[in-house]
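A short write-up of the structure that comes next.
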Amino acid sequence: MNKNMKQWLAQLRDMPEKKALPVLSFPAVQLMGISVRELISDSDRQAQGMKLVADRTDAAAAVSLMDLSVEAECFGAPISVSDDEVPTVKSSVVSTPEEVEALAVPKIGAGRTQIYIDAIKKAVEMIEDRPVFAGIIGPYSLAGRLLDVTEIMFYCYDEPEMVQQLLDKVTDFLIAYGQAYKDAGADGIVMAEPLAGLLSPALAEEFSAPYVKRIVEALQTDDFLVIYHNCGNSTIQMIDSILDTGAAAYHFGNAINMEEMMTHIPPDTVAMGNVDPAGQFRNGTPESIKEETWAIMEACCKYPNFVISSGCDIPPLSKWENIDAFFEAVQEFYEKKRMA
């Protein structure tokens, strides 16, 4: 888009009627008649899918795939791929300090990272009317996939130095990966750090926030934003360390009360959320998703820095009639507000 992104974000914040910014990419498979397996393996299809979603919706920005297996796969993690679900990591790759010490930091372009970088490069050439954001995993969430998402919480107590060494390695990798997206023309990244949402506030402050902050400080400029996403249920309790990361904007899941969260967000900072992706986009009806969208907007739009969104990545097989109904609900809410 080649514009000042901090200015764009400030304009979005200050608009009385804000466009929605859901994390919406995987449902493109339905518009294209292809499988998730085909989508994640082809940069042309990913770019085309983002363009189709942009053409169909009035979203404030285009967001690429939130595939939290890509980076772990680069480090050697085996992944499970299917035709209709987002890929997942099957097992850990390290479990001892010695294995962490020996773990090599992969080069950017390894695994599927080059496919995803190329997809962004192609998407920014096709989508000219709104910013294009790339998806990337957060440092603790990546470390958890390499050490095991449950075991890492015990390691934080029993082997903190090992966890910190791994976090240093993955942070270096994520900075390089984010820079590759920046070089490809992305206007920013949406960084998903959901695993940190399972930590206590004290552990999140030690094992997540400082590493996120390093990534933000390395990458974020006037022309490139970092949007922090965490769909954990403890984000309100850990909001101080989350805000300390310095991300440009924040995105929260439906495990929390968004209205309560907004009371903790500085008025000049954009926060987004949090219509239920599984319960509403995937399994709801046009009527039920409109009802939930309206309820959240009624509660949160009194905060000028709130932007309505999905609570997390919208699942691949979410019905497009539900996705369309979400955007209709946003438009209808503002229309009613205008006429009141």
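Tell me whether the range 276-340 comes out rounded, prolate or oblate; compute the Cα gyration tensor, take square roots of the eigenvalues as a ≥ b ≥ c, and use a/c under 1.5 as the rounded threshold.
Values: a/c = 2.46, a/b = 1.66, b/c = 1.49.
Prolate, since a/c reaches 1.5 and a/b exceeds b/c.
Hey, what's the Kirkwood Rh for the range 16-95 if you take every pair of different alpha carbons, in angstrom?
Working: mean 1/r = 0.0723 Å⁻¹.
Hydrodynamic radius (Kirkwood, Cα only) of the range 16-95 equals 13.8 Å.
Could you work out what % of the accessible surface of the chain is carbon and sulfur, using a 1.4 angstrom probe and leaving DNA, RNA and ligands out of the count?
Numbers: 6340 of 13200 Å².
About 48 percent, which is the carbon plus sulfur part of the accessible surface.
So what is the orientation-averaged projected area of the range 192-340, using the convex hull of its C-alpha atoms, in nm²? Kindly include the intermediate steps, with their values, before the conclusion.
On the way: hull surface 37.1 nm².
Seen from a random direction, the Cα hull of the range 192-340 projects 9.3 nm² on average.
List the residues of the range 197-230 whose backbone N lies under 15 Å from a point placed 7 Å from the Cα of Glu260 along the Cα-to-Cβ direction.
Hits in the range 197-230 for Glu260 at 15 Å: 201.
How large is the charge dipole for the range 193-340, taken about the Cα centre, if only the Cβ atoms of Lys, Arg (+1) and Asp, Glu (-1) carry charge, to the nearest 20 debye?
Numbers: 9 positive and 22 negative charges, 25 e Å.
Dipole magnitude for the range 193-340 comes out near 120 debye.
Give me the accessible area per residue for the chain, probe 1.4 Å, as a whole number in Å².
Values: 13200 Å² over 340 residues.
Solvent-accessible surface per residue comes out at 39 Å².
List the pairs from Lys290/Lys337; Lys18/Lys319; Lys6/Lys169; Lys182/Lys213 whose alpha-carbon separation is above 27 Å, in the order I gave them. Numbers along the way, then the final one.
Values: Lys290/Lys337 16 Å; Lys18/Lys319 24 Å; Lys6/Lys169 29 Å; Lys182/Lys213 17 Å.
From Lys290/Lys337; Lys18/Lys319; Lys6/Lys169; Lys182/Lys213, over 27 Å: Lys6/Lys169.
Any chance you could check the Cα centroid distance between the range 270-340 and the range 110-134 for me, in angstrom?
Result: 26 Å between the Cα centres.
Can you find, among Ala20, Ser208, Val86, the residue sitting farthest towards the positive end of the charge dipole of the chain, where Lys and Arg contribute +1 and Asp and Glu -1 at Cβ?
Checking the options against the dipole of the chain, the answer is Ala20.
About the Cα centre, and with charges only on the beta carbon of Lys, Arg (+1) and Asp, Glu (-1), how big is the dipole of the range 237-292? Nearest 20 debye, please.
Details: 2 positive and 9 negative charges, 44 e Å.
It comes to approximately 200 debye.
Assign unit charges at the C-beta atoms only (+1 for Lys and Arg, -1 for Asp and Glu), then state the dipole size of the range 27-89 relative to its Cα centre in Debye, rounded to the nearest 20. Walk me through the numbers on the way to the answer.
Details: 4 positive and 11 negative charges, 28 e Å.
Dipole of the range 27-89, to the nearest 20 debye: 140 debye.
Which of Trp8, Asn322, Cys312 sits closest to the plus end of the dipole of the chain, meaning its Cα is farthest towards the positive end, when Lys and Arg get +1 and Asp and Glu get -1 on the C-beta?
Ranked along the dipole, the leading option is Trp8.
Expected output is a single nm value to one decimal: the length gained when fully extending between Thr269 and Ser200, i.e. 0.36 nm times separation in residues minus the C-alpha distance. What is it?
Working: separation 69, 0.36 × 69 = 24.84 nm, distance 2.39 nm.
Roughly 22.4 nm would be gained on extension.
Going toward the positive end of the dipole of the chain, with +1 on Lys and Arg Cβ and -1 on Asp and Glu Cβ, which of Ile40, Pro131, Ile296 do you reach last?
Of Ile40, Pro131, Ile296, it is Pro131.
Send over the Kirkwood Rh of the chain, from the inverse of the averaged 1/r over different Cα pairs, rounded to one decimal Å. Display every interim value, and only then the final one.
Numbers: mean 1/r = 0.0502 Å⁻¹.
Evaluated on the chain, it is 19.9 Å.
Relative contact order of the chain: what whole-number percent is it, with Cα pairs under 8 angstrom and at least 6 residues apart? Display every interim value, and only then the final one.
On the way: 678 pairs, mean separation 68.1, N = 340.
With pairs under 8 Å counted, the relative contact order is 20 percent.
I need to check one value: relative contact order of the range 86-156, counting alpha carbon pairs closer than 8 Å and at least 6 residues apart, in percent.
Values: 26 pairs, mean separation 31.2, N = 71.
Relative CO of the range 86-156 lands at 44 percent.
Using the C-alpha gyration tensor of the range 49-145, what are the square roots of 5 times its eigenvalues, in whole angstrom, with the largest one first? The partial results should precede the final answer.
Values: eigenvalues 185, 38, 25 Å².
Three semi-axes, in Å: 30, 14, 11.
The values are calculated or read from the model by the stated rules, or taken from the named source; none is laboratory data. These figures come from a predicted structure and were not determined experimentally. Positions of Cβ are backbone-derived with ideal geometry, glycine not excepted, and every protein chain shown enters the neighbour counts. When the accessible area is computed, the model is the full protein with side chains, heavy atoms only, and any ligands, DNA or RNA have been set aside. Shrake-Rupley method; radii C 1.70, N 1.55, O 1.52, S 1.80 Å.
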